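Heads up, the thing below is written out as C-alpha cells.
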Amino acid sequence: MSETLPKAPSARDFLPIGELARRTGLSVSAIRFYEEKGLVQSIRSSGNQRRFLRADLRRLSFILIAQKLGLALGEIEYELAKLPQGRNPTVRDWAKISASIRAQLDAKIALLERTRDRLDGCIGCGCLSLKKCQIYNKADSAAEKGAGPQHVLS
C-alpha cells in the first residue's frame, strides 16, 4: 500500500508580509512580533523578503479572535502550538482548540456577568465607594483578603 506524501508548497501558496497584513487587518509590525514569538513562521525569498504560508491567515485570525476573547498571549501560543505547521488546520484541529479553551471562556463569561451584576448594585447605591460600602465591604472586611477589588473578582 503506498502512502500519499503531502505536496510541497508552491510559490502561490505563499504571501508577502504586506499582503498578509492587508488580508488580516494587522500591521506589518504586529505580524513581525507574532513571528518573533513563534506564532507564525516565514521563509525568505531570494530577495530576502518574508513569505508566509496562506495557512497563516487562519493562524493570525485565531490570534485576533483569541485576544478579543481575553486570552493571554501565552495561552494563545499554547493553543497554536497544537496546530500543524505547513498545512491548513482542519475542522478537527480547530475543534480540539475549541474544546481546550471552552472552560477558560466559560470562566471569563462568569466573571464578566458577576462583575456586571455587582457593579449594577454598587452603582445603584450611590455611594460609589468600596471602602465605605455597607453592603459589600462592611467594616472594610475586604482589606483582610488583600489588595484590589476583592468582592468583584472573587
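A short reminder: the numbers here are calculations on the coordinates, not readings from a lab. All figures in this text were calculated on a predicted structure; none of them were measured in a lab. When we count neighbours, we look across all protein chains shown, and the Cβ atoms used for this are built from the backbone with ideal geometry, even at glycine.
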Fewest-first sequence of 34, 78 by Cβ atoms within 10 Å of each Cβ: 78, 34
For residue 40, distant residues with modelled amide H under 5 Å away: 35
DSSP-loop trypsin sites (Lys or Arg not before Pro) across region 14-101, with at most 12 other Cβ within 10 angstrom: 82
Length gained when the stretch residue 109-residue 61 is fully extended (0.36 nm per residue, less Cα-Cα span): 15.1 nm
Other-chain or far-sequence residues with amide H under 5 Å of residue 53's (modelled H): 15
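Based only on other Cβ atoms within 10 Å, what is the fewest-to-most ordering of 33, 62?
Values: 33 13, 62 19.
If I rank by nearby Cβ atoms, fewest first, I get 33, 62.
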Entries of 108/145; 96/145; 68/145 with Cα pairs more than 28 Å apart: 96/145; 68/145
Karplus-derived 3J(HN,Hα), 6.51/-1.76/1.60, for each residue of region 109-118, Hz, glycine and proline x: 4, 4, 5, 4, 5, 4, 5, 4, 5, 6
